[in-house]
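Visitor: Could you have a look at this structure, given as C-alpha cells, before my questions?
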Amino acid sequence: MSKIIRDKYDLIIEADRLRKVENASETFILLREKIDEELKELSDTAFNDIYEYADVIEVLYAMADFQGISKDEIEIARLKKLDDKGGFKKHLVLKN
C-alpha cells in the first residue's frame, strides 16, 4: 500500500522503504487519500486536537499547491467569502 508522507520522514525511514512519485495523477490520488485519512484522524479526536487540524490544513495546502494555487490566494478567497457571505459563527441551519 502506497501512502504519501511528510517530506522530512526520509530522515527517519530507511531509503529502501521509500519511493518518489513522478506521476502527477498518482500524486493527486495519494493526496486525496491523505485528506480522507487526516479528516478521519481529526474526527477520531472528537475534533479536539489542534495538531490534527494542522495536518488537514497542510494536506489541503499541498493539494492547492499541486493545482497552482498559493496559500495567499486561498486566504484572499477565504476573506472575500467571509466578507461577502459571512462565516459560521451564528450557527444558522437551513430547514428542510
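Visitor: Name the single residue, out of those in region 1-32 being under 21 Å from Ile74 (Cβ atoms) and of a type in the set (D, E, K, R), that is nearest to the chain's Cα centre (by Cα). Even if it seems obvious, please write down each step before you answer.
Guide: Step one: list which residues in region 1-32 are under 21 Å from Ile74 (Cβ atoms), which gives 4, 6-7, 24, 27-28, 30-32.
With the extra rule that they be of a type in the set (D, E, K, R), the set shrinks to 6-7, 32.
Working: Arg6: 12, Asp7: 14, Arg32: 8 Å.
Per the criteria, the residue is Arg32.
Visitor: Just one of Glu73, Glu58 is over 14 Å from the mean Cα position of the chain (by Cα), closer than 20 Å to Phe28 by Cα and acidic (Asp, Glu); which is it? Outline the logic, then answer.
Guide: On the way: Glu58 fails: over 14 Å from the mean Cα position of the chain (by Cα).
It is Glu73.
Visitor: Show the residue pairs that are 6+ apart or on different chains and have beta-carbon atoms under 7 Å apart, the first residue being within region 1-18 and farther than 16 Å from Leu30 by Cβ and surrounded by 10 or more Cβ atoms within 10 Å (Cβ to Cβ), the second being small (Gly, Ala, Ser) and at pLDDT 95 or above.
Guide: Correct list of pairs: empty, since none qualify.
Visitor: I'm trying to understand the selection: among the residues of region 1-30, which are of a type outside the set (Lys, Arg), within 19 Å of Gln67 (Cα to Cα) and out of contact with any Leu (no Cβ under 9 Å at 6 or more places or on another chain)? Step through it out loud before you land on a result.
Guide: To start, the set of residues in region 1-30 that are of a type outside the set (Lys, Arg) comprises 1-2, 4-5, 7, 9-16, 18, 21-30.
Now drop any that are not within 19 Å of Gln67 (Cα to Cα), which leaves 4-5, 7, 21-30.
Once the filter is applied, which keeps residues that are of a type outside the set (Lys, Arg), within 19 Å of Gln67 (Cα to Cα) and out of contact with any Leu (no Cβ under 9 Å at 6 or more places or on another chain), region 1-30 yields Asp7, Glu22, Asn23, Ala24, Ser25, Glu26, Thr27, Phe28, Ile29, Leu30.
Visitor: Among residues belonging to region 45-96 that are exposed (fewer than 11 other Cβ atoms within 10 Å of the Cβ) and among the acidic types (Asp, Glu), point out the one that is nearest to Glu22 (Cα to Cα).
Guide: At the first step, the residues of region 45-96 found to be exposed (fewer than 11 other Cβ atoms within 10 Å of the Cβ) are 46-48, 50-51, 67-68, 72, 75, 79-80, 83-96.
Applying the additional criterion that residues be among the acidic types (Asp, Glu) yields 72, 75, 83-84.
Details: Asp72: 26, Glu75: 29, Asp83: 40, Asp84: 40 Å.
Here the answer is Asp72.
The values are calculated or read from the model by the stated rules, or taken from the named source; none is laboratory data. Values in this document were obtained by computation on a predicted structure and should not be read as measured data. Cβ: placed from backbone, ideal geometry, glycine included. Neighbour counts: every protein chain shown.
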